[in-house]
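This report refers to the structure that appears directly beneath it.
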Amino acid sequence: HHITVNTIVQGVWALLISKYTGSKDIVCGVTVSGRPSELQNSEQRVGLYINTLPLCFNLDENQLFLEWLVQSQKEHTDCREHQYVDLAKIQKSTGVQGDLFDSIFVFENYPISEALLEEDDTKSTLRIGNVTFNDQTTYPLTVIVNLDDELKMSFDYNDSCLDEDTIHRIQGHFKEV
């Protein structure tokens, strides 16, 4: 059905939020990265080009989950042309007071070439080792999905908003769905 892994796990997250809140209209934050094609000399610039955007889902209980995923992927692909719009500008244009979303969904799929990971110094002078990430978020809950040889998930949360038992339940529900 040409559905990406990202769409599937985003769909699972939207379905869970819908069940938790009782709402069929779901908005969560997602991160996008890349350089705008219209940005002059973008290939010569250094730095991260990451944006957080609201991603909207409308769940219809009369629609099969597979049909809904296919539709969601098409709609989200169509929205990609706006992926560089600043979140503050989006917030202002909606007229919504307060946050647009409470959770953020991060799908990481950083491809690292096998050639870069080889130990043989004769093939490459670039070596990678002991890489760690320390992500911080201002949102109550951040779901981080990493796709490498297997799908890995982690849940970062603000412990003044959510407790460890709640996070474990959410993780269990996510895994089950």
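The values are calculated or read from the model by the stated rules, or taken from the named source; none is laboratory data. Predicted, not measured: the structure shown is a model, and the values here were computed from it. Glycine gets a Cβ as well: all are built from the backbone with ideal geometry, and neighbour counts include every protein chain shown. Quick note on the areas: whole protein, heavy atoms, side chains included, nothing else; ligands and nucleic acids left out. Shrake-Rupley method; radii C 1.70, N 1.55, O 1.52, S 1.80 Å.
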Subtracting the Cα-Cα distance of C161 and H173 from 0.36 nm times their residue separation yields 2.4 nm
For segment 1-110, which GluC sites (Glu not before Pro) pass both filters: DSSP loop (anything but H, G, I, E, B) and at most 16 other C-beta atoms within 10 Å? E38, E61
At R0 = 35 Å, how high is the FRET efficiency between Y84 and K152 if r is their beta carbon distance? Nearest 0.05 is fine. 0.80
How much length is gained on full extension from Y49 to Q91, taking 0.36 nm per residue of separation minus their Cα-Cα distance? 13.2 nm
Compute the Rg to Rh ratio over segment 1-55 from the alpha carbon atoms, using the Kirkwood formula for Rh, and round to two decimal places. 1.15
Take H1, project a point 7 Å from its Cα along the Cβ direction, then tell me which residues of segment 45-80 have their backbone nitrogen under 12 Å from it. 63-74
Loop-located chymotrypsin sites (Phe, Trp or Tyr not before Pro) in segment 1-68, at most 14 other Cβ atoms within 10 Å (DSSP): Y49
Rounded if a/c is under 1.5, else prolate if a/b beats b/c, else oblate: with a ≥ b ≥ c from the C-alpha gyration tensor eigenvalues square-rooted, which is segment 1-103? oblate
How much area per residue is accessible in segment 54-97 when the probe is 1.4 Å and only protein heavy atoms are counted (Å²)? 74 Å²
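Please identify every one of the trypsin sites (Lys or Arg not before Pro) in segment 12-70 that sits in a loop by DSSP and has no more than 15 other beta carbons within 10 Å of its own beta carbon.
On the way: sites: K19, K24, R45; in loops: K24, R45.
For trypsin sites (Lys or Arg not before Pro) across segment 12-70 that sit outside H, G, I, E and B with at most 15 neighbouring Cβ atoms in 10 Å, the list reads K24, R45.
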How much of the accessible area of segment 30-84, probe 1.4 Å, is carbon plus sulfur, in whole percent? 51 percent
